[in-house]
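Some notes on the structure that comes next.
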Amino acid sequence: MLGKPTFGVDVLRRALLRLVKGRSIRAVAAEIPMSYTGLRSFLAGTKPHPSTRMKLAGWYAEARRRETF
């Protein structure tokens with residue numbers, strides 16, 4: 001059984017900033033899925049709520065598995 005994916009917040013933020021450069025924040029937020037406001041705040045540097053961090057880590061693990069960036 002695999003454990004929960006863990007990635008540093010900085011890794012998640014850099015990956016999302018790269019992705020948002022080619023798309024809108026709203027489109028990326030919908031893909032994760034999370035709110036536009038939550039993603040915008042996270043990209044601006046706020047510390048995510050633990051449940052949001054796990055959602056972002058799950059999205060990142062899946063994106064890496066699919067090699068989408």
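The values are calculated or read from the model by the stated rules, or taken from the named source; none is laboratory data. Everything numeric in this text was worked out from a predicted model, so none of it was measured. Cβ placement follows ideal geometry from the backbone for every residue including glycine, while neighbour counts extend to all protein chains displayed. For the accessible areas, the whole protein counts, side chains as well, though only heavy atoms, and no ligand, DNA or RNA atoms are used. Shrake-Rupley method; radii C 1.70, N 1.55, O 1.52, S 1.80 Å.
Mind checking whether some residue in region 5-23 is among the aromatic types (Phe, Trp, Tyr), open to solvent by 90 Å² or more (accessible area, probe 1.4 Å), at pLDDT below 90 and in contact with a helix residue (DSSP H, G or I) (Cβ under 8 Å, 6 or more places away or on another chain)?
Here is the first cut: in region 5-23, the residues among the aromatic types (Phe, Trp, Tyr) are 7.
Going one step further and asking which of them are open to solvent by 90 Å² or more (accessible area, probe 1.4 Å), we end up with none.
For region 5-23, residues among the aromatic types (Phe, Trp, Tyr), open to solvent by 90 Å² or more (accessible area, probe 1.4 Å), at pLDDT below 90 and in contact with a helix residue (DSSP H, G or I) (Cβ under 8 Å, 6 or more places away or on another chain): absent.
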Are there any pairs, at least 6 apart or on different chains, whose C-beta atoms fall under 7 Å, with the first in region 50-62 and among the aliphatic types (A, V, I, L, M) and the second modelled with pLDDT of 90 or more and open to solvent by less than 40 Å² (accessible area, probe 1.4 Å), and if so, which?
Leu56/Leu12; Leu56/Ile32; Leu56/Pro48; Ala57/Leu12
The one condition Ala63 fails out of (1) in contact with a helix residue (DSSP H, G or I) (Cβ under 9 Å, 6 or more places away or on another chain); (2) modelled with pLDDT of 90 or more; (3) surrounded by 13 or more Cβ atoms within 10 Å (Cβ to Cβ) is (2)
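So how many residues does region 39-55 have that are part of a helix (DSSP H, G or I), modelled with pLDDT of 95 or more and open to solvent by less than 70 Å² (accessible area, probe 1.4 Å)? Before you say what the answer is, go through the steps one by one.
From region 39-55, those part of a helix (DSSP H, G or I) are 39-43, 50-55; that's our starting set.
Okay, now just the ones that are also modelled with pLDDT of 95 or more, so 39-43.
Pick out the ones that are also open to solvent by less than 70 Å² (accessible area, probe 1.4 Å) and you get 39, 41-43.
Counting residues in region 39-55 that are part of a helix (DSSP H, G or I), modelled with pLDDT of 95 or more and open to solvent by less than 70 Å² (accessible area, probe 1.4 Å) gives 4.
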